[in-house]
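A quick write-up on the structure given underneath.
The values are calculated or read from the model by the stated rules, or taken from the named source; none is laboratory data. Just so we're clear, the structure is a prediction, and the values are computed from it rather than from any experiment. Backbone-built Cβ (ideal geometry, glycine too); neighbour counts: all protein chains shown. Calculation scope for accessible area: heavy atoms of the full protein, side chains included, ligands and nucleic acids excluded. Shrake-Rupley method; radii C 1.70, N 1.55, O 1.52, S 1.80 Å.
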Amino acid sequence: TDGEDPIFPKLVPERGSLPEMSHVDESKTPSKVLLVSNLPFFCKANDLEKFFTDAGFYPHTCVKPNSTKYKKISDGYVHMNSCTDALDAMNRLSGTFLKGRCISIALE
């Protein structure tokens with residue numbers, strides 16, 4: 001035998017045996033679209049826009065579906081002007097309250 005434990009094989013590869021990293025596709029950027037969940041059913045797109053604007057964020061577009069045919073009516077979408085704005089808004093506003101409901105915000 002080569003002295004290696006048959007029950008616990010060597011988990012760390014030998015130096016120089018790791019595969020080289022292939023090219024990383026930098027064209028994929030984080031999303032600028034936020035999914036806002038748990039909105040009140042009576043919440044409109046202008047309520048969503050005012051919520052973000054009052055918090056110091058200026059969204060490009062806010063969409064609040066009013067039909068259950070394709071989307072959940074408790075969800076809305078906020079299109080931010082940059083990825084940085086989207087991340088900042090998500091981090092600051094997720095878990096806060098809008099019209100009495102605790103909202104959840106995630107990148108779409």
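Tabulated data
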item: Largest to smallest accessible area among TYR58, TYR77 [probe 1.4 Å]; result: TYR58, TYR77
item: Spin-label pair LEU87/GLU108, simplified geometry with 7 Å Cα→Cβ offset, distance in nm; result: 2.0 nm
item: Förster-model FRET efficiency, 25 Å R0, ALA55 and SER31, C-beta, rounded to 0.05; result: 0.85
item: Cα-based radius of gyration of the stretch 33-101 once divided by 2.2 N^0.38 Å, which approximates compact folds; result: 1.02
item: List LYS64, LYS72, ordered by accessible area with a 1.4 Å probe, largest first; result: LYS72, LYS64
item: Heavy-atom surface of the stretch 35-98, accessible at 1.4 Å and reported per residue (Å²); result: 58 Å²
item: Accessible surface ranking that places the most exposed of ASP47, ASP54, ASP88 first, with a 1.4 angstrom probe; result: ASP54, ASP88, ASP47
